[in-house]
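A quick write-up on the structure given underneath.
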Amino acid sequence: MEQIHYRQTAIPQFALPVDVSHFTVDDYSLQLMQTYSGDQSLIPISVSANGNCFFNALSVALFGTEEYSAALRVRALHLKELYEDNLAKAYAPELAEDLQAVVTWWLDVKSSF
């Protein structure tokens, strides 16, 4: 069985507007939008309800197909891990100092009673 490496999957350059005419209009969402939004320029479409609907919708919005949803998901998780580590390294000492200041303040307040 061939392994697919989604980080290496080529994702094409997207160009707006994307043709979504081959998708089904989500009638319920369309009714809600017309009732509460008044914006007639947007048309909600249905994407596969397979637990990956956010990335399916993102892939459709960018490329007009759900084909790139898995690659987008993997890249989003990779970016999350990359930036999460960098943010923790950058802000953890500062947050620890702030937390210590709050604890010290609380102990001072508590001891004054």
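The values are calculated or read from the model by the stated rules, or taken from the named source; none is laboratory data. The model shown is predicted, which means the values in this text are computed figures rather than measured ones. Note: ideal-geometry Cβ built from the backbone for every residue, glycine included; neighbour counts use all protein chains shown.
A few points about this structure:
- Filter result for the condition that a residue is in contact with a helix residue (DSSP H, G or I) (Cβ under 7 Å, 6 or more places away or on another chain) and at pLDDT below 75, over Y68, Y6: Y6
- Subset tally (residues that are assigned to a helix (DSSP H, G or I), touching a residue at least 12 places away in the same chain (Cβ under 8 Å) and either crowded, with 16+ Cβ neighbours inside 10 Å or among the aliphatic types (A, V, I, L, M) (or both)) for segment 19-65: 9
- Meets criteria (touching a strand residue (DSSP E or B) at 6+ places or on another chain (Cβ under 9 Å) and either within 21 Å of V20 (Cβ to Cβ) or surrounded by 13 or more Cβ atoms within 10 Å (Cβ to Cβ) (or both)) for V74: no
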